[in-house]
Ligand SMILES: [Zn+2]
């Protein structure tokens, strides 16, 4: 299901389990997360509804490398893949915030007044679990503190 978040920004939610996907149609076409393999067909269909083919995507930003977020990376053959290791290659209008805790490589992204928070924080004060490999309670608390200092109006988490 496609919901419009803001001008040129869309949220894709799926019937089956898997992360949400965000589509930013800026001067480059940007995807944040790709959901899991089970949602591949629905993802391609939703992109088509937005006038995009997988090969039109220029950047895929991955909030962390869990299977329910990066399961469809291989679809995006023309995209530059951005993870916590290469944030300096992000398009200029998007700012990264390193937020370890849910996983070691967790990262959030800010575009204008929108925070894409992956599995670090959710709506209604929700926060990511820390009991998976690389998780850390101390680190997520630090990361949440960091996010509290950021001004944003719209929260776009990895699961809704
Ligand atoms: Zn996760």
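The values are calculated or read from the model by the stated rules, or taken from the named source; none is laboratory data. Here the structure is a predicted model, which is why all the values come from computation and not from measurement. Because the Cβ atoms are built from the backbone with ideal geometry, glycine has one as well, and the counts that use them run over all protein chains shown.
Pairing each residue of the range 64-87 that is within 19 Å of residue 110 (Cα to Cα) with any residue that is away from the ligand (no atom under 12 Å from the Cβ) and part of a helix (DSSP H, G or I), provided the two are 6+ apart or on different chains, yields C-beta distances under 9 Å for 80/89; 81/73; 82/89.
For every residue, the table says whether it meets (1) within 16 Å of the ligand (Cβ to nearest atom); (2) in contact with a helix residue (DSSP H, G or I) (Cβ under 9 Å, 6 or more places away or on another chain); (3) not in a loop (DSSP other than H, G, I, E, B).
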{"residue": "117", "(1), (2), (3)": "yes, yes, yes"}
{"residue": "125", "(1), (2), (3)": "no, no, no"}
{"residue": "130", "(1), (2), (3)": "yes, yes, no"}
{"residue": "134", "(1), (2), (3)": "yes, no, no"}
{"residue": "139", "(1), (2), (3)": "yes, no, yes"}
{"residue": "145", "(1), (2), (3)": "no, no, yes"}
{"residue": "150", "(1), (2), (3)": "no, no, no"}
{"residue": "156", "(1), (2), (3)": "yes, no, yes"}
{"residue": "160", "(1), (2), (3)": "yes, no, no"}
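Can you find even one residue in the range 96-107 that is modelled with pLDDT of 95 or more, away from the ligand (no atom under 16 Å from the Cβ) and over 15 Å from the mean Cα position of the chain (by Cα)? No. Within the range 76-93, the presence of a residue that is in contact with a helix residue (DSSP H, G or I) (Cβ under 9 Å, 6 or more places away or on another chain), within 12 Å of the ligand (Cβ to nearest atom) and modelled with pLDDT of 95 or more is excluded. Does residue 56 fit the bill of being in contact with a strand residue (DSSP E or B) (Cβ under 9 Å, 6 or more places away or on another chain), within 15 Å of the ligand (Cβ to nearest atom) and within 22 Å of residue 36 (Cβ to Cβ)? So residue 56 does not fit the description; no.
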